[in-house]
Each structure stands twice: as C-alpha cells, then as structure tokens.
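Everything on this sheet refers to the single structure shown next.
Quick note: the coordinates plus some simple rules give every number you see, no bench work behind them. Every value quoted in this text rests on a predicted model; they were computed, and no experiment measured them. Glycine also receives a Cβ, built like all others from the backbone with ideal geometry; neighbour counts cover every protein chain displayed.
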Amino acid sequence: MESPHVDRIEDLELFADCRKAELRQIQPLMTYLDVAKNQVLMREGDFVRQFIVVGGGTARLTRKTGEGVAEVTDLGSGEFLGESSLLAGTRTTVTATAATDLVVFVSTPGEFRSILRIAPSVEHKVRQASPGWSEGNAAA
C-alpha cells in the first residue's frame, strides 16, 4: 500500500508543530523532488549528503549481511532518513532505495542544521528518532 502524497512540508508530521513563522523560514531550506522507482537515495557505507523527508511513496532501507541483502524497513509519507549520519558525521549503515515512485523533500547538511535551529519541535522529533545524538551536535 502506497503512502499518501504530500506536496507541502506543513502537511508532514515532522513539521506539524511548527509555527507559521518557522514554516516560512524552513520552506526555502527543503527542495521538493520526484524520485523514480528503484533510484538509490543513499548507499550503505557512504557519507550522507542530504536529509530526506518522504512526502509520498515508499523508500526501502536495506543492509548487507553475511547472507546477502536484508530488508531493514520501509519508510512512507512523513518519515525521514539521513539524520543520524548527518548529526554524527558518520557513514550510513543502510542503503535507501525508492521502492515506488517517490516524492521527497531534501535539504543539505547546512540547511538541515538551520532547520533544527529554527524549529525546536523538529529538533525534538529528530532527537527522538536518533537517541545517540546529543543537543550540542545540532550546531556543529
């Protein structure tokens, strides 16, 4: 089952608690992209170069194992990826691929850090999703 398609960041759970002034500042920091099915968004072992929020469709996360490639999870509308590696400055531990045609909202590492500074509610949700991250890392 495909997730609902979202065209505006304010319709995503991650940004649901943002004030209008915060949304106006965040909007230019997120780029709307259509991604074709089977396109790789990030590859296991690489440094992450973007924070991605799924706006529609499904992204599949996989990881190499001794027995081949294992499916980790599927991400749908409103879910995000890349935050842990961006915050920690580490390589990603999964490959993310478009399992369906996708709509995503993407930001660069610098834009991502700006979003966290602008919107405390987003920072809180990202921190909850990345338990190994400390608050001081947001400004790094």
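The longest part of the chain holding none of the exposed loop trypsin sites (Lys or Arg not before Pro), meaning those outside H, G, I, E and B in DSSP with at most 15 other Cβ atoms within 10 Å, is 50-140. Per-residue 3J(HN,Hα) values for region 79-92, derived from phi via the Karplus relation 6.51 cos²θ - 1.76 cosθ + 1.60 with θ = phi - 60°, read 7, 9, 8, x, 5, 4, 5, 5, 5, 8, x, 10, 6, 6 Hz in sequence order (x marks Gly and Pro).
Under 22 Å of direct C-alpha separation, and excluding same-chain neighbours fewer than eight residues apart, LYS125 reaches these lysines: LYS20. Cβ crowding within 10 Å ranks GLU71, GLU111 as GLU71, GLU111, fewest other Cβ atoms first.
Note on the chain: Rg/Rh from Cα positions, Kirkwood definition for Rh, rounded to two decimals, is 0.96. Taking each residue as 0.36 nm, the span from GLU13 to PHE47 lengthens on full extension beyond its C-alpha to C-alpha distance by 9.6 nm.
3J(HN,Hα) along region 47-56, derived from phi through the Karplus expression 6.51 cos²θ - 1.76 cosθ + 1.60 where θ = phi - 60°, amounts to 6, 6, 10, 7, 9, 10, 10, 6, x, x Hz, with x in place of Gly and Pro.
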